[in-house]
Every structure is written in structure tokens, then in C-alpha cells.
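Visitor: Questions regarding the structure given below will be posed in turn.
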Amino acid sequence: MAMEEQLRELAARREKALAMGSPRRLREFRDAGVLNVRQRISYLFDAGSFTEQGLLALPAREEDHDRAPGDGSVDGTGTINGRLAVVNAADFTSMGASSAEIAGLKMVHSRQTAIENGLPLIMLCECSGGRIPDIMGAAGIHKTGEYFDLSHDRQIPRAAAVLGQSYGGGTWRAATSDFVVMRKGAVMAVSSANVTSVAISEDPDPEDLGGWRMQTGVTGQVDLAVDSDEAALDAIKSFLSYLPSHSGEVPPELEPAADAAQDQDALLSVVPESRSKVYDMRDVVRVIVDRDSYFPIKDRFARNISTGLARLNGRSVGVIAPNPKFKGGALDADACDKAISFIALCDSFNVPLITLADTPGFLVGVAGEKLRLPGKIMNYTQALQMATVPKLSVIVRKSYGQAHLNMGAGVCDHMAAWVSADISFMDPNAAINVVYRVREEDEPERYRELMAKVMQDSSGYDLAACYRAQTVLDPRETRDWLARMLEVHRRRPTGGIGKHRLATWPTTF
């Protein structure tokens with residue numbers, strides 16, 4: 001075959017692959033206002049930076065060659081704001097991006113490319129499930145293990161977007177990622193209703209099975225839900241901007257804007273003086289960190305504790321803070337799981353941790369015990385102890401009991417207390433009831449006397465006096481104190497690289 005003819009054949013094969021799969025599916029995407037896989041990749045990466053691998057791959061079964069260009073996935077590398085990243089993106093127009101051999105090999109190769117070169121891995125997930133008949137039978141299902149390695153030891157950041165129906169393989173990709181964003185209307189579940197209706201005689205609504213409300217608010221397996229593909233891709237870009245490209249380097253530093261530091265006087269009005277009044281701790285966080293830099297993680301899940309990435313003078317930090325607006329800031333089993341997964345993320349990618357404490361303790365009782373709360377509390381404590389990134393703790397208001405320890409007591413590098421701090425074994429109201437069996441409505445005068453007694457030695461000054469806290473702060477000094485302490489701890493001989501003792505902690509809980 002002459003070179004000219006060979007080049008024509010190459011062009012024709014490329015054109016066919018770039019056209020993707022089913023024209024009907026492409027029309028459905030367009031009519032629904034949803035991006036197709038190549039439009040997603042174009043939006044994700046800097047213009048002209050994407051280099052594809054596996055464009056001319058085809059399904060293992062010859063009879064499917066015309067139905068699934070690329071075997072239902074688009075893989076390659078490109079830059080996001082100038083930083084290289086690897087993508088594995090499902091093409092639902094090609095046999096529903098069903099899990100199959102060649103697509104699996106492409107995914108594994110993308111993962112290896114990312115790990116070996118220290119690049120973030122982005123997975124754009126849709127999947128109709130396993131491809132039948134490819135994986136039916138003993139050999140079919142067994143062979144999937146050869147090309148379905150999804151293990152994740154946090155050498156590189158992994159971010160996933162669930163952008164449509166995602167069952168089986170698409171869900172596994174998301175569930176083993178460090179960050180998951182979901183477009184509202186998409187579904188993430190082990191199997192579709194078509195399977196559950198036969199297997200267990202259950203035919204749920206897809207939204208109930210694995211919609212965004214379920215996965216962000218009930219399970220916590222999805223970190224963020226958004227309204228469009230573009231918003232999902234923007235969220236991935238934002239998430240990755242706080243992290244290094246791999247665990248062997250520190251996060252990128254940005255030049256802070258001239259107005260990054262907000263008016264710290266706002267802190268005096270955000271937090272009520274009365275311990276019994278609620279407020280939104282996220283408002284405190286947003287005042288302390290650089291303006292508009294707070295990026296919440298799992299904000300709809302376990303809302304009694306807030307976790308999120310942010311910047312302080314342009315440097316990435318992770319913030320953990322009980323939120324009195326929900327359950328009074330009392331912590332439970334879900335809150336423990338949420339905190340642990342966030343600690344593992346920050347410790348694996350060299351992001352310093354800041355805890356802001358205002359919590360009456362843990363929600364005890366039968367419900368908590370059924371959810372294995374004691375073990376989860378200890379896991380939380382263990383994760384915080386094992387983390388080797390700089391850890392700074394600020395006691396804003398209440399810090400009682402075991403929850404005081406889970407907020408960094410004894411394991412943080414520096415601790416500060418606001419002038420409003422109140423630290424003790426338990427809430428003084430509970431202490432009076434336990435020790436004296438006195439109720440305020442029955443004996444108000446004695447109750448006040450006992451309250452004064454049990455609240456002795458519980459101020460921030462008392463913690464500073466025994467040097468368990470290094471300082472007591474005017475709330476308006478918090479941002480500056482945190483920035484100064486982070487400057488101290490970034491001088492460590494390791495160059496800011498931690499020991500990554502939590503790198504293999506499970507990505508799900």
C-alpha cells in the first residue's frame with residue numbers, strides 16, 4: 001500500500017473514532033444540554049494541550065468494532081492551568097461505556113502513566129455496567145481482575161466526576177477517588193434497577209438508588225453536587241489547585257490578592273458570647289482564610305462538622321471544625337468518618353491541618369453505639385495522631401471531653417485558645433446533673449453556685465497556665481497567629497513532605 005493511501009486510511013480511522021459511537025446517544029446528550037465526552041475533555045484541559053492515547057483501540061469482540069470506537073473510553077494527557085494531568089473518560093455513546101477488556105486496559109495504563117510520572121488522575125465516569133456477554137462465564141469474570149486494578153495508595157491525587165448513569169466500573173472509579181463531584185441527575189450505584197429488580201425483587205427510582213441527594217447527604221460518597229457538566233469540571237480544577245501533582249512535593253503556592261485578608265473584626269460578631277447560641281462555623285472559617293478560597297468537602301454530609309480546603313496567605317491548608325449550627329456541633333459516627341477521610345487526604349498530600357474547636361462532645365446513646373461510635377472515635381484519634389503534616393488547633397468556644405482530644409489536644413504542634421474558650425470534661429450543665437442531681441428550675445440559686453464551681457479552671461487562661469495551650473488569642477489575631485505558625489513549621493528539614501502514614505487508609509468508610 002502506497003504511503004498516500006496509508007495516510008488516507010489513518011485519517012479515516014481517526015475521523016471515525018473522533019465521531020464517537022451512537023448518533024442517537026449524541027443527539028440525546030445535545031438535547032439534554034449535556035456535554036459529550038470530547039466536549040468535556042476540551043473544557044477540562046487548556047486549549048490545544050490534550051494528547052490522546054488509545055484513539056484507535058477497538059473492542060475485544062470483532063462484531064463490536066463499529067459500535068464502540070476506543071472501546072468506550074477516551075484517555076490521554078493535557079494541562080490544567082499549565083499543570084499536567086491524566087484523564088480516563090467514559091464515552092457513553094459507545095455501548096454505554098460498559099466495562100470491557102480493552103477499555104479496562106486503557107484505564108490501567110492511564111493510571112500507571114499518572115503514578116509513574118507523578119501526575120493527577122481525573123476520571124469522568126459513566127457506565128452502564130459490565131459488558132455482556134464479554135464478562136459472562138468463569139473466564140470472563142475472572143479475566144476482569146487482570147485489567148481492573150483500582151487500588152489507590154495516594155501517591156497522586158485522584159478526582160472523579162459522575163456525569164450520567166454510572167454502575168459497576170464507573171462507580172468503582174469514583175469510590176476509590178480522593179474527590180468526587182456529581183452532576184445532579186446522574187446516578188452512582190453498584191447496579192442499575194434492571195439488575196436489582198431481578199436479583200432482589202427491588203425496583204427503586206434511580207434517584208433513590210444513587211442520586212445526588214443520597215450520595216452527598218446520606219452516604220457521603222460524593223463530595224459535591226452541581227448543576228452542569230461544566231460546573232463539575234470546574235470543581236475538579238479547583239480541587240486540584242489546592243494539591244500537589246504527587247505526594248513527593250508540596251502544594252503550589254499562589255500570590256495572595258491584595259484584599260485576601262478580610263476584616264477580622266467580623267469574628268467578634270459571628271460567634272455569639274452565649275455558649276448556648278448557635279452560629280455557622282463556616283462563617284468563621286471564611287473570615288480567617290484568604291477571601292473566596294474556602295472549598296468545602298462533603299458539605300451536605302455530617303453537617304455537624306465542616307471540612308474543607310482553603311488558602312492562608314496563598315498557601316494550602318485543610319480546616320476541620322465542628323459546626324454548632326447542626327446538632328449543636330456535637331459529633332457522631334458520620335462526623336468521625338468525614339474527619340478521618342479528610343485527615344488522610346491532607347496528610348497524604350502535604351497539606352497542613354487546622355482545627356477550630358467548638359463542640360460539646362460526642363452524641364452518646366443507643367443510636368451511636370449501634371453505629372460503632374467508640375471504634376470510630378478511636379479511629380479519628382488515631383488518624384490525627386498518625387498525621388505528620390503540621391497541625392494547629394484553635395479553641396473557639398466549647399471543647400469538652402473526648403472531643404477535645406479529637407480536636408488536637410496533645411497531638412497538635414501548637415494550640416491556641418480564644419478568650420471565649422471553655423475547656424472541661426463535659427458540659428457544666430451535664431456535670432451538675434450527674435454529680436449533684438440539681439435542676440435549675442427547681443433550685444435556681446444553688447444551681448448558679450454549682451455552675452460557678454464546676455466552671456472553675458476551665459478557661460483558656462487555665463490551659464495556657466499549664467502550657468497545654470501556647471497562647472490565648474483575641475479572635476482577631478487568629479489569622480495572623482496561624483500564618484506565623486505555619487511559617488515556622490514549613491521550615492522542617494523534610495521540606496514540607498510528610499511521612500504519609502495514612503496513604504493507604506481506605507478511600508471510603
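The values are calculated or read from the model by the stated rules, or taken from the named source; none is laboratory data. Note that this is a predicted model, so its numbers are computed, not measured. Virtual Cβ from ideal backbone geometry, glycine too; neighbours counted across all protein chains shown.
Visitor: Which one of the conditions (1) outside the structural domain of residue 178 (by TED's automatic domain parsing); (2) without any contact (Cβ under 8 Å) to a residue 60 or more places away in the chain does residue 226 fail to meet, given that it meets all the rest?
Guide: Just one mismatch for residue 226, condition (1).
Visitor: Is it the case that residue 416 is at pLDDT 90 or above, hydrophobic (A, V, I, L, M, F, W, C), surrounded by 21 or more Cβ atoms within 10 Å (Cβ to Cβ) and in a helix (DSSP H, G or I)?
Guide: No; evaluated as a whole, the condition is false for this residue.
Visitor: Just need a number here: residues in region 380-399 that are surrounded by fewer than 24 Cβ atoms within 10 Å (Cβ to Cβ) and either farther than 19 Å from residue 318 by Cβ or free of Cβ contacts under 8 Å to residues at least 12 places away in the same chain (or both).
Guide: Counting residues in region 380-399 that are surrounded by fewer than 24 Cβ atoms within 10 Å (Cβ to Cβ) and either farther than 19 Å from residue 318 by Cβ or free of Cβ contacts under 8 Å to residues at least 12 places away in the same chain (or both) gives 1.
Visitor: Pairs under 6 Å by beta carbon, first residue more than 13 Å from residue 356 (Cα to Cα) in region 411-423, partner modelled with pLDDT of 95 or more and in a loop (DSSP other than H, G, I, E, B), six or more apart or different chains?
Guide: Between residues of region 411-423 that are more than 13 Å from residue 356 (Cα to Cα) and residues that are modelled with pLDDT of 95 or more and in a loop (DSSP other than H, G, I, E, B), the close pairs are 413/390.
Visitor: What's the number of the only condition in (1) among the hydrophobic types (A, V, I, L, M, F, W, C); (2) over 23 Å from residue 160 (Cα atoms); (3) touching a strand residue (DSSP E or B) at 6+ places or on another chain (Cβ under 9 Å) that residue 10 fails to meet?
Guide: (3)
Visitor: A further question follows. Among the helices (runs of 4 or more DSSP H) confined wholly to region 101-195, which include 3 or more residues that are modelled with pLDDT of 95 or more and of a type outside the set (Ser, Thr, Tyr)?
Guide: Filter on region 101-195 gives 101-117.
Visitor: Being out of contact with any Lys or Arg (no Cβ under 9 Å at 6 or more places or on another chain) and more than 30 Å from residue 419 (Cβ to Cβ) is the requirement here; does residue 249 meet it?
Guide: Considered against the rule, which asks whether it is out of contact with any Lys or Arg (no Cβ under 9 Å at 6 or more places or on another chain) and more than 30 Å from residue 419 (Cβ to Cβ), residue 249 comes out as yes.
Visitor: Cβ-Cβ distance below 7 Å, separation of 6 or more or different chains: which pairs start in region 42-62 with a residue that is among the aliphatic types (A, V, I, L, M) and end on one that is buried (at least 17 other Cβ atoms within 10 Å of the Cβ) and in a loop (DSSP other than H, G, I, E, B)?
Guide: 60/100; 60/134
Visitor: Restricting to region 401-411, what's the tally of residues that are under 24 Å from the mean Cα position of the chain (by Cα) and surrounded by fewer than 20 Cβ atoms within 10 Å (Cβ to Cβ)?
Guide: Total meeting the criteria: 2.
Visitor: If residue 331 meets every condition in (1) over 30 Å from residue 246 (Cα atoms); (2) surrounded by fewer than 24 Cβ atoms within 10 Å (Cβ to Cβ); (3) under 22 Å from the mean Cα position of the chain (by Cα) apart from one, which number is that one?
Guide: Result: residue 331 passes all but (2).
Visitor: Does residue 313 meet the test of being touching a helix residue (DSSP H, G or I) at 6+ places or on another chain (Cβ under 8 Å), crowded, with 17+ Cβ neighbours inside 10 Å and on the phi > 0 side of the Ramachandran plot?
Guide: yes
Visitor: Does any residue of region 217-226 turn out to be in contact with a Lys or Arg (Cβ under 8 Å, 6 or more places away or on another chain), farther than 23 Å from residue 158 by Cβ and assigned to a loop (DSSP other than H, G, I, E, B)?
Guide: no
Visitor: Sticking with this one: Scan 62, 116, 52, 28 and give me the residue that is among the acidic types (Asp, Glu) and either in contact with a Lys or Arg (Cβ under 8 Å, 6 or more places away or on another chain) or within 18 Å of residue 177 (Cα to Cα) (or both).
Guide: Sole residue among the options that is among the acidic types (Asp, Glu) and either in contact with a Lys or Arg (Cβ under 8 Å, 6 or more places away or on another chain) or within 18 Å of residue 177 (Cα to Cα) (or both): 116.
Visitor: Specify the residue that is farthest from residue 154 (Cα to Cα); the eligible residues are those in region 380-408 that are at pLDDT 95 or above and not aliphatic (A, V, I, L, M).
Guide: This residue is 393.
Visitor: Determine whether residue 300 is basic (Lys, Arg) and surrounded by fewer than 21 Cβ atoms within 10 Å (Cβ to Cβ).
Guide: yes
Visitor: Right, something else. Go through (1) touching a strand residue (DSSP E or B) at 6+ places or on another chain (Cβ under 6 Å); (2) of a type in the set (Asp, Glu); (3) at positive phi and name the single condition residue 71 misses.
Guide: (1)
Visitor: Looking only at region 356-379, filter to residues that are surrounded by fewer than 24 Cβ atoms within 10 Å (Cβ to Cβ) and under 18 Å from residue 410 (Cα atoms); which one of those is farthest from the chain's Cα centre (by Cα)?
Guide: 361
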